[in-house]
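Report on the following structure.
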There are 2 protein chains.
Amino acid sequence: MSEDDGAEQELGVTKSKEYETGEWYAEVVQKAGLANYGPEGMSGFIVTRPRAYALWERVQGFLDAKFKDTGVQNAYFPMFIPESYLEREKDIVEGFDPEVAWVTHGGHEELEERLAVRPTSESIITPYISQWVRSHRDLPLRVNQWCSVVRWEATETKPFFRTKEFLWQEGHTAHETGEDAWEETMLRLDQYESAYEELLGIPVLRGQKPDHDKFPGADTTTTVEALMPDGKSVQGATSHHLGTSFAEAFDITYSDEDEEENLAHTTSWGFSWRALGALIMTHSDDQGLVLPPTVAPEQVVVVPIWQSDTQEEVLSYAEGIAEELEEAGIRVELDDRDTRNPGFKFNEHELNGVPVRFEIGPHEVDDREVTVVHRPDGEQVTVDREGIADAAQVHLDEVFAKLYAAAEENLEGEVREADDRAGILGTIGQHGGYVKAPWCGDEACEDEIKEQIAAEIVMVPFEEDDDLRNEDHDETCAICGEGARRTAYFAKAY
Amino acid sequence: MSEDDGAEQELGVTKSKEYETGEWYAEVVQKAGLANYGPEGMSGFIVTRPRAYALWERVQGFLDAKFKDTGVQNAYFPMFIPESYLEREKDIVEGFDPEVAWVTHGGHEELEERLAVRPTSESIITPYISQWVRSHRDLPLRVNQWCSVVRWEATETKPFFRTKEFLWQEGHTAHETGEDAWEETMLRLDQYESAYEELLGIPVLRGQKPDHDKFPGADTTTTVEALMPDGKSVQGATSHHLGTSFAEAFDITYSDEDEEENLAHTTSWGFSWRALGALIMTHSDDQGLVLPPTVAPEQVVVVPIWQSDTQEEVLSYAEGIAEELEEAGIRVELDDRDTRNPGFKFNEHELNGVPVRFEIGPHEVDDREVTVVHRPDGEQVTVDREGIADAAQVHLDEVFAKLYAAAEENLEGEVREADDRAGILGTIGQHGGYVKAPWCGDEACEDEIKEQIAAEIVMVPFEEDDDLRNEDHDETCAICGEGARRTAYFAKAY
Ligand SMILES: [Zn+2]
Ligand SMILES: [Zn+2]
């Protein structure tokens, strides 16, 4: 064992995903080189290293193309918001109390009015939309920005899931009618669902937040929820139908075809790097990071295995294969370092989540073959050298399908029903996951469950999908026994 | 004249580029929909509207691809820097006094240590690079981030040129040797030069800053300088060879092949949205914005001109042409609005800087032709319908060449020489532009010129290009008469 290989043990993940999920997650983030914690004095902040930032760039690319195809333009608004602007949201929201970072000094001078570092930008973007919208010809108006936001919540840091500063996009739109705004809200939710399912390989549930948990000022907050392997739900992204409340507070009106002034209807929608947390948490295992090929920085790693007498032929065979994959548009790395042995390389690429490994030794060269190994389950098959790029694509697709299927199976098995309090508490206590239960709509009933088991209503179905919305049924609230009005999905949440 | 056309006058630019450059610039920025000023209480901040942000996205795309092709990985570091971290730069720089925005409160709590909103990130990135670098195998290490920074300078706001918050990228690298770091410094300067010349159509001068004007702590600060039409120089972008000063202050060492510990050599380099200011200022005119086709959001606008009896044939002919251009990868807009007359449309697209206009009326349909108009000079030619996409590309290239040639002619005519104080003052006073003069290297001599005419030394040639560097010549400093040691480029600067 060479000196380098002594580091192997220390490089590997030591915690168990099943039994020490939190510690395991932190270890994967650190050892796969995804993030570091912020400097001393800045708890809650992280440094996003290139391997994680590359994942974010793929998410950005995917969503940004969809946004642009559907009429969205990117813009950039100041990172600071004057306190008086933020205060105007009090017109909309009773008891609004922003937990933000405050800038009080510029250079050596104290500012006349303190500035909040943006926690979200409705209060600065909406006044500009108000200036830009004059007539119905200016609608719909859609702007989006990719930026970072700061929320000064004092909780334990969990990279990507819970940080004081995080990266996200926030879209803001104005429309002529409430129906148009609702269509927009759902279009963005659909795009978020695609990002989770088609790009990240994570199936989600779609629905809306209960009224008491909506975005302040929103008519409806819609959400995609993803189930993590520890049985907790992640709010994957939200899309808000804001109705006319922001248009009223910030005076967005337009003149219609008859020259009459009308209030616009607005939406906002956001997708954050929390999705990276869900990605890491969902697919990874006790060997380290697992990534779907759709987002993996390297999709295939080619590891040549040689002795001195076979080095030349093995390397040249491996190089040819790597080139062929690259020409086919596959992201491939040829790991021809001569300072590491193959076992070390296997472990390192497993830790880093490369979806497919090609092993190439003298036997593969002789037989004009390649040994292909899938990262998620170690499945190993031999394929012909001829047509290797097509074969690689087939195996990448298989790896994606395996990851998606495992996540889907987890989700489908973890939606249970209950019709009384004991059922909700017992089921979540024993299994985690989601428990569907009839609910009267009263926050107090959720509070009871929250107090006892720290689970909450993460979602209710859309109104038109919820049988309990109409009143001709006899279902009663699982907690208080009053008439049920919604189907509530209870779960512990991230 | 329809009701809408009444707005035409108000939409147009009213100031003169030649005689009221500053007011003209502000008007173009506003009327072409590029930016708005920030909210009350936030002077120095701007809102970047979609038309300007799209330009920034093209600059980003161009540079980001070059960076990635040359070994750079993107990352993201916290937007705040603890005061004690910033203070460590005092080890490097005497009298370092950052003019920054200070965060003093998080939520309702006062922070134990105040946090600076990043003015640049050396002091937070370098300590992490120090953690990541252990051995020579970790070098070179190159990270870059696209982000916004804040510098609390109390000067008049000029969108993109001077704002308290601005968008930029900052690259930070570490290398084994000083030569490697110098190569990196020059590679990035080359890429910045390409961005100005090939993408933005602006020729630049390359050189280095005089020692007293280097980036704090740098061995050498290199710069690309662009001459604006008002005769002032813009520092287009800078690339710094930092030597070992940051590595010493933040302890970046690596073990070499013989297991000896060495100090790394570092660089940093940044390109900001000031380039958009230079872009707007250089090419635009009294009709509004002028954009090179390389960055224009729409490269060709097709304007059909019809009467009711010709509407159908003209529109269908115009649509076919727009489709053909789009298929060829040209960014084309078909302006078929029936609420605006052609004259209004011409003015609007001129104001917005669309490089090429296609005019299509019944005559063009009959003759199977298109009338092509170049935005910069109004040149008008007729081309065949057959092969229209190729013809469009030819005209786009011609427009780029015209813009570049005009800027180049301006630059070449504006580099003059002087060998005494009166010559420097008189030449800059009369013509603006650059004045080359022999200089002793003493800041005091620059100060004299600064005080009298507000011009400064914006650049000296690279050491190896400067004949005055070696001592076997009799040239004397144009200001003090001592022996000359550098060739100084004096200019008024943005
Ligand atoms: Zn109830
Ligand atoms: Zn002198």
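Take the range A:158-174 and flag every residue that is β-branched (Val, Ile, Thr) and either away from chain B (no Cβ under 12 Å) or in a strand (DSSP E or B) (or both).
A:Thr173
Hey, does the range B:46-62 have a residue that's assigned to a loop (DSSP other than H, G, I, E, B), closer than 30 Å to B:Thr294 by Cα and touching a residue at least 24 places away in the same chain (Cβ under 8 Å)? No. With the structure loaded, tell me whether B:Trp146 is touching a strand residue (DSSP E or B) at 6+ places or on another chain (Cβ under 7 Å) and closer than 18 Å to A:Gly38 by Cα or whether it fails that test. When the stated conditions are applied, B:Trp146 does not pass them.
Scanning the range A:226-260 for residues that are closer than 28 Å to A:Arg88 by Cα and among the charged types (D, E, K, R), we see that the one that is surrounded by the most Cβ atoms within 10 Å (Cβ to Cβ) is A:Glu248. Once the range B:261-272 is narrowed to residues that are of a type outside the set (Gly, Ala, Ser) and surrounded by fewer than 24 Cβ atoms within 10 Å (Cβ to Cβ), the residue that is nearest to B:Gln235 (Cα to Cα) is B:Leu263.
From A:Ala407, A:Ala488, which residue is assigned to a helix (DSSP H, G or I) and aliphatic (A, V, I, L, M)? Result of the check over A:Ala407, A:Ala488: A:Ala407.
Any residue at all in the range A:181-190 that is in a strand (DSSP E or B) and among the polar types (S, T, N, Q)? Quick ask: steps written out before the conclusion?
Initial filter on the range A:181-190 (in a strand (DSSP E or B)): none.
No.
For the range A:282-340, residues that are β-branched (Val, Ile, Thr), out of contact with any Leu (no Cβ under 6 Å at 6 or more places or on another chain) and in a loop (DSSP other than H, G, I, E, B) total 5. Given the structure, is A:Gly481 crowded, with 20+ Cβ neighbours inside 10 Å, away from ligand 2 (no atom under 16 Å from the Cβ) and at positive phi? No; evaluated as a whole, the condition is false for this residue.
The residue pairs whose first member lies in the range A:64-89 and is more than 7 Å from chain B (Cβ to nearest Cβ), whose second member is part of a loop (DSSP other than H, G, I, E, B), and whose beta carbons are closer than 7 Å, counting only pairs six or more residues apart or on different chains, are A:Gly71/A:Pro140; A:Ile81/A:Arg118; A:Leu86/A:Pro98; A:Glu89/A:Phe96; A:Glu89/A:Pro216; A:Glu89/A:Gly217.
For the range B:440-459, check the following and say yes or no: at least one residue is among the hydrophobic types (A, V, I, L, M, F, W, C), assigned to a helix (DSSP H, G or I), farther than 19 Å from B:Leu205 by Cα and touching a Gly at 6+ places or on another chain (Cβ under 7 Å). Yes: one or more hits.
The single condition among (1) closer than 30 Å to A:Thr14 by Cβ; (2) without any contact (Cβ under 8 Å) to a residue 12 or more places away in the chain that A:Gly288 does not satisfy is (2).
Those residues that are touching a residue at least 60 places away in the same chain (Cβ under 8 Å) and within 16 Å of ligand 2 (Cβ to nearest atom), I need them from the range B:419-438; list them, please.
Step one: list which residues in the range B:419-438 are touching a residue at least 60 places away in the same chain (Cβ under 8 Å), which gives B:424, B:428, B:431-434.
Listed by number, the list holds a single entry, B:Ile424.
Taking the criterion of being at the interface with chain A (Cβ under 7 Å from one of its Cβ atoms) and in a loop (DSSP other than H, G, I, E, B), the residues of the range B:21-39 that qualify are B:Gly38, B:Pro39.
Have a look at B:Glu350, B:Glu298, B:Glu324 and point out the one that is under 20 Å from B:Asp384 (Cβ atoms) and charged (D, E, K, R). Walk me through it before giving the result.
Values: B:Glu350 fails: under 20 Å from B:Asp384 (Cβ atoms); B:Glu298 fails: under 20 Å from B:Asp384 (Cβ atoms).
Answer to the check: B:Glu324.
Checked against (1) facing chain A (nearest Cβ under 9 Å); (2) surrounded by 21 or more Cβ atoms within 10 Å (Cβ to Cβ); (3) modelled with pLDDT of 95 or more, B:Trp132 passes all but a single condition, namely (2).
Determine if the range A:95-102 includes at least one residue that is within 11 Å of another protein chain (Cβ to nearest Cβ), more than 22 Å from A:Gly270 (Cα to Cα) and without any contact (Cβ under 8 Å) to a residue 24 or more places away in the chain.
We begin by selecting, within the range A:95-102, every residue within 11 Å of another protein chain (Cβ to nearest Cβ); these are A:97-102.
Filter again for more than 22 Å from A:Gly270 (Cα to Cα), leaving A:102.
This time we only want the ones that are without any contact (Cβ under 8 Å) to a residue 24 or more places away in the chain, so: A:102.
Yes.
From the list B:Arg118, B:Arg142, B:Arg151, the lone residue that is free of Cβ contacts under 8 Å to residues at least 60 places away in the same chain and facing chain A (nearest Cβ under 10 Å) is B:Arg151.
Taken as a whole, the structure leaves B:Thr177 outside the set of residues that are in contact (Cβ under 8 Å) with a residue 60 or more places away in the chain, within 14 Å of chain A (Cβ to nearest Cβ) and among the β-branched types (Val, Ile, Thr).
Do you know which residues across the range B:45-63 are at the interface with chain A (Cβ under 9 Å from one of its Cβ atoms) and over 13 Å from A:Asn74 (Cβ atoms)? If you could, list the steps in order and put the result at the bottom.
The first filter runs over the range B:45-63 and keeps only residues at the interface with chain A (Cβ under 9 Å from one of its Cβ atoms), leaving B:45-54, B:56-57.
Scanning the range B:45-63 gives B:Phe45, B:Ile46.
If you check A:Ser123, A:Ser43, which single one turns out to be among the polar types (S, T, N, Q) and in a helix (DSSP H, G or I)? Quick ask: steps written out before the conclusion?
Details: A:Ser43 fails: in a helix (DSSP H, G or I).
Sole residue among the options that is among the polar types (S, T, N, Q) and in a helix (DSSP H, G or I): A:Ser123.
Would you confirm, using the coordinates I've provided, whether A:Glu412 is modelled with pLDDT under 95 and either of a type in the set (A, V, I, L, M) or within 15 Å of ligand 1 (Cβ to nearest atom) (or both)? No.
Do we find that B:Ala454 is aliphatic (A, V, I, L, M) and within 15 Å of ligand 2 (Cβ to nearest atom) in this structure? Taking the combined requirement at face value, the residue does not satisfy it. Would you say B:Arg385 is of a type in the set (Lys, Arg), under 27 Å from B:Leu11 (Cα atoms) and surrounded by fewer than 18 Cβ atoms within 10 Å (Cβ to Cβ)? In short, no. Screening the candidates A:Asp442, A:Asp466, A:Asp474 for the property of being away from every other protein chain (no Cβ under 14 Å), more than 16 Å from ligand 2 (Cβ to nearest atom), free of Cβ contacts under 8 Å to residues at least 24 places away in the same chain and surrounded by 13 or more Cβ atoms within 10 Å (Cβ to Cβ) yields one hit, A:Asp466. Given the condition more than 30 Å from A:Glu323 (Cα to Cα) and not assigned by TED's automatic domain parsing to the domain that holds A:Pro355, answer yes or no: does some residue in the range A:396-404 qualify? No, the range A:396-404 contains no residue that is more than 30 Å from A:Glu323 (Cα to Cα) and not assigned by TED's automatic domain parsing to the domain that holds A:Pro355.
The values are calculated or read from the model by the stated rules, or taken from the named source; none is laboratory data. Since this is a predicted model, take the numbers as computed values, not measurements. Reconstructed Cβ throughout: ideal geometry from the backbone, glycine too, with neighbour counts over all protein chains shown.
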